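One structure is given below, encoded as structure tokens.
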């Protein structure tokens with residue numbers, strides 16, 4: 001039997017057909033691809049907000065090392081990294097963990113990071129990641145999902161508010177450079193889930 005007839009894209013995959021777009025739990029082998037996605041997202045989304053000396057740290061191998069370590073040794077049983085895939089290619093990521101703010105309850109979860117590679121946006125990957133993050137948080141017993149975002153990141157805020165998260169009045173100033181005056185205001189968004 002010819003493999004080209006069995007697979008719509010002409011590729012034989014040992015694990016069967018691959019969905020055109022999906023979200024799944026990340027594996028340690030995904031760390032390099034997640035590093036590429038995070039570096040691209042951070043440079044595009046946050047590059048103008050960070051001091052120039054911080055931009056040099058936004059490199060795929062550095063992100064990949066951190067993600068591989070986190071996947072091999074999760075900070076807690078509630079920490080999960082999800083990846084969005086176009087076919088087999090990782091194009092987005094979302095990390096979910098327990099809420100760690102001083103006012104967090106045991107049923108709070110936090111969307112720790114969310115990003116879709118700039119070349120893969122407007123294809124539904126971000127929405128699939130948010131939905132999977134909500135399902136993952138619910139599955140771990142959470143009833144509230146929170147996310148911290150930079151105040152100037154209007155597009156990120158618009159996307160997350162369209163997904164149902166709203167500013168809850170909390171904010172923090174994060175030091176992002178060598179001086180204590182290099183700060184970035186972050187807003188917290190929340191939603192019951």
Q) Using the alpha-carbon atoms, what tilt in degrees (0 to 90, nearest 10) does helix 125-139 show relative to the longest principal axis of the chain? A) 80 degrees
**Q.** Hull shadow area, averaged, the chain [alpha-carbon convex hull, nm²]
**A.** 12.2 nm²
Q: Relative to the longest principal axis of the C-alpha atoms of the chain, give the angle of the C-alpha long axis of helix 31-46, reported between 0 and 90° and rounded to the nearest 10°.
A: 40 degrees
Q. With labels modelled as points extended 7 Å from the Cα through the Cβ direction, what inter-label distance (nm, one decimal) is found for residue 55 paired with residue 29?
A. 3.6 nm
Q) How do 187, 160 rank when sorted from fewest to most other Cβ atoms within 10 Å of their own Cβ? A) 187, 160
(Q) Quick check on the chain: of the DSSP beta bridges with both residues there, what percent are antiparallel, nearest 5%? (A) 90 percent
Q | Added length on full extension, which subtracts the Cα-Cα distance from 0.36 nm per residue, residue 131 to residue 106 | A | 6.9 nm
Q: Could you state the angle between the C-alpha long axis of helix 60-72 and the longest principal axis of the C-alpha atoms of the chain, as a value from 0 to 90 degrees rounded to the nearest 10?
A: 80 degrees
Q.
When 1/r is averaged over all different Cα pairs and the result inverted, which Kirkwood radius in Å belongs to segment 74-162?
A. 13.5 Å
(Q) Need one number: nm distance between label points at residue 185 and residue 22, each 7 Å from Cα along Cα→Cβ, rounded to one decimal. (A) 4.4 nm
Q) Under the definition of Cα pairs under 8 Å and six or more residues apart, what whole-number percent is the relative contact order of segment 18-192? A) 21 percent
Q. Which value in deg cm²/dmol, rounded to the nearest 500, describes the helix-derived mean residue ellipticity at 222 nm for the chain, given -39,500 (n - 2.57) per DSSP H run of n ≥ 4 and division by the residue count?
A. -9500 deg cm²/dmol
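Computed from the coordinates by the stated procedures, all read-outs in this text should not be read as laboratory data. It should be emphasised that the depicted structure is a prediction, and the values quoted were computed from it without experimental measurement. No Cβ is skipped: glycine too gets one built from the backbone with ideal geometry, and neighbour counts run over all protein chains shown.
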